[in-house]
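Here the structure is laid out as structure tokens; the discussion comes afterwards.
Laboratory data are not the source of any read-out in this text; all were calculated from the coordinates shown. A quick note: this is a predicted structure, and the numbers were derived from the prediction, not measured. With ideal geometry, Cβ positions are generated from the backbone for all residues, glycine too; neighbour counts draw on all protein chains shown.
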Amino acid sequence: MRLSLASDSLDGVATRLVAEVQRRGHSVTLYGALAPGGRADWAWCCSAAAKDVSSARSDLAIVCCWTGTGASIAANKIPGVRAALCVDAATADGARRWNDANVLALSLRLTSDRLLEEILDAWFAAAPSTDDDDIANIAHLADLES
Ligand SMILES: O=C(CO)[C@H](O)[C@H](O)COP(=O)(O)O
């Protein structure tokens, strides 16, 4: 898959994230501190990665900041984006499965190397639910945006 990755700093697992995503066979487009030269503030770099998903330049995005909250807030401003702040594998699995989340937000403060691997494994393994109730929830989000 094509992934857009953004981080507002190189703290914690930020650099490791790039390697872990590539190790799983995905191509990456980088923003913020991961791509020297671009604006690294979280509102800019995380929304830029999310715009790639909205425009179908990328299939999914992963956005990071110290708390993960700014990253998720910025990404969720982009139409069509469903960004989920995930702190463990079960949350990442649920976000893909029930929320059809297309952007994963991570906290650089909370995410250890081991947690990153577990979260990414769960995130890439899960698929959006085909249950009618779950599909209706996602459709309602689109209605709320229009
Ligand atoms: O967690 C964040 C936003 O939610 C930022 O990473 C935090 O505000 C630090 O930003 P800066 O290094 O620019 O002061």
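How are the alpha carbon pair distances in the chain distributed across 10 Å bins from zero to the largest one, expressed in percent?
Here the calculated profile for the chain is 13, 46, 33, 7, 0.
If you average the alpha carbon positions of the stretch 13-49 and of the stretch 85-146, how far apart do those two centres end up, in angstrom?
Centre-to-centre distance over Cα atoms comes out at 18 Å.
Non-local amide H neighbours of VAL28 (under 5 Å, H modeled in plane, Pro and chain starts lacking H): which ones?
Close amide H contacts, sequence-distant or interchain: LEU3.
Send over the per residue convex hull volume for the stretch 83-146, Cα only, as a whole number of Å³.
In the stretch 83-146, the Cα hull volume divided by residue count equals 73 Å³.
Residues with beta-carbon under 13 Å from that of ARG109, excluding ARG109: net charge, scoring Lys, Arg +1 and Asp, Glu -1?
With Lys, Arg at +1 and Asp, Glu at -1, the net is -2.
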